1. Which of (1) touching a strand residue (DSSP E or B) at 6+ places or on another chain (Cβ under 8 Å); (2) buried (at least 18 other Cβ atoms within 10 Å of the Cβ) is the odd one out, the single condition THR246 does not satisfy?
2. Can you confirm whether VAL58 is in contact (Cβ under 8 Å) with a residue 12 or more places away in the chain, of a type in the set (Val, Ile, Thr), in contact with a Gly (Cβ under 9 Å, 6 or more places away or on another chain) and under 30 Å from LEU154 (Cα atoms)?
3. Quick check on this structure: which one of THR75, THR94 is farther than 22 Å from TRP211 by Cβ and within 16 Å of the chain's Cα centre (by Cα)?
4. Looking at segment 206-216, which of its residues are in contact (Cβ under 8 Å) with a residue 12 or more places away in the chain, surrounded by fewer than 20 Cβ atoms within 10 Å (Cβ to Cβ) and not hydroxyl-bearing (Ser, Thr, Tyr)?
5. Sort out which residues of segment 145-171 are closer than 23 Å to VAL116 by Cβ and either more than 18 Å from the chain's Cα centre (by Cα) or modelled with pLDDT under 95 (or both), and write them in order of number.
6. Considering each of SER232, SER204 in turn, give the residue that is among the hydroxyl-bearing types (Ser, Thr, Tyr) and more than 21 Å from the chain's Cα centre (by Cα).
7. Among the charged types (D, E, K, R), closer than 23 Å to THR10 by Cβ, in contact (Cβ under 8 Å) with a residue 60 or more places away in the chain and outside any helix (DSSP H, G or I): which single residue out of ARG239, ARG248 fits that description?
Amino acid sequence: MSPPTFPSATGRPLVLGHRGASAEAPENTLAAFGRAIDLGADGFELDVWRCGSGEAVVIHDEDAMRTGQSPRRVTRASLPLLREIDVGGEPIPTLAEVLEAFPSAVVNVELKSGRVPDLGLAREVARTLRQQQAGPRVVVSSFSAALLAAFRALAPGVASGYLVAPGALWQARAFAAVRLLRPAAIHPARQLVTPARVEAWGRSGLRVLVWTVDDPAEVERLAALGVAAVVSNVPGMAREAVRRATGR
């Protein structure tokens with residue numbers, strides 16, 4: 001099997017809304033994803049957990065307190081119970097619903113993990129992508145090497161990316177994960193991105209997706225470095241900054 005292809009745009013980085021256009025609409029909702037597309041984004045980044053009844057649901061936190069004023073834990077509540085939660089006037093969607101609603105969008109699916117990774121989440125996401133025939137426009141990422149390894153084994157034809165945040169020994173962890181997982185991409189926080197690192201990652205065959213970039217000058221800097229994608233809470237701004245930097 002040929003290696004998976006990372007979704008791309010010609011001559012410029014992709015622009016993905018962080019949890020949708022989360023500066024303008026409730027994060028991780030169909031409204032936020034639609035707004036990101038309306039603002040010119042190529043797609044969006046979202047977060048998934050497996051809920052108590054087994055579906056992959058789109059929400060960032062382990063519970064819905066911050067976004068929906070509900071203490072229900074996502075991994076224990078059934079989908080019908082999660083549907084009762086009001087997220088700024090929007091329901092919590094499933095991954096399948098998002099993919100069906102936006103059939104042309106590039107989607108970065110982040111697999112969320114508690115202390116013990118839910119390997120069933122990797123299985124459910126792989127099943128959903130097959131069912132929706134969405135693999136070519138999706139990249140699946142995680143901070144959890146175990147979850148990403150499980151997903152790679154189940155869906156080797158879908159691009160994957162290892163998420164990297166600042167902190168002690170981040171370089172050693174990233175080096176080990178990349179050698180073990182052989183992902184298509186590395187997804188560093190913007191603070192970690194330097195010209196030398198982008199060059200080194202490129203020599204290793206890795207695409208570079210950068211999060212979360214809300215300053216136009218920073219978007220232009222990253223575009224000039226040749227990163228594959230930028231994730232932003234304000235995707236309309238990011239798309240204009242990319243256009244200024246690349247002419248595309």
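1. Unmet for THR246, out of (1) touching a strand residue (DSSP E or B) at 6+ places or on another chain (Cβ under 8 Å); (2) buried (at least 18 other Cβ atoms within 10 Å of the Cβ): (2).
2. Numbers: in contact (Cβ under 8 Å) with a residue 12 or more places away in the chain: yes; of a type in the set (Val, Ile, Thr): yes; in contact with a Gly (Cβ under 9 Å, 6 or more places away or on another chain): no; under 30 Å from LEU154 (Cα atoms): yes.
Criteria not met by VAL58.
3. After ruling out the rest, the residue left standing is THR94.
4. Residues of segment 206-216 that are in contact (Cβ under 8 Å) with a residue 12 or more places away in the chain, as a first pass: 206-214, 216.
Next, from what is left, pick out any that are surrounded by fewer than 20 Cβ atoms within 10 Å (Cβ to Cβ): 212, 214, 216.
The answer is ASP214, PRO216.
5. Selection gives ALA153, LEU154, GLY167, ALA168, LEU169, TRP170.
6. Working: SER232 fails: more than 21 Å from the chain's Cα centre (by Cα).
Every option except SER204 fails the conditions.
7. On the way: ARG239 fails: outside any helix (DSSP H, G or I).
Selected residue: ARG248, the only one of ARG239, ARG248 that is among the charged types (D, E, K, R), closer than 23 Å to THR10 by Cβ, in contact (Cβ under 8 Å) with a residue 60 or more places away in the chain and outside any helix (DSSP H, G or I).
For every residue, the table says whether it meets (1) surrounded by 21 or more Cβ atoms within 10 Å (Cβ to Cβ); (2) outside any loop (DSSP other than H, G, I, E, B); (3) among the β-branched types (Val, Ile, Thr).
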| residue | (1), (2), (3) |
| --- | --- |
| GLU97 | no, yes, no |
| VAL109 | yes, yes, yes |
| ARG123 | no, yes, no |
| ARG127 | no, yes, no |
| PRO136 | no, yes, no |
| SER141 | yes, yes, no |
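The values are calculated or read from the model by the stated rules, or taken from the named source; none is laboratory data. Worth saying up front: this structure is predicted, and the values here are computed from it rather than measured. Every residue, glycine as well, gets a Cβ built from its backbone with ideal geometry; the counts of neighbours run over all protein chains shown.
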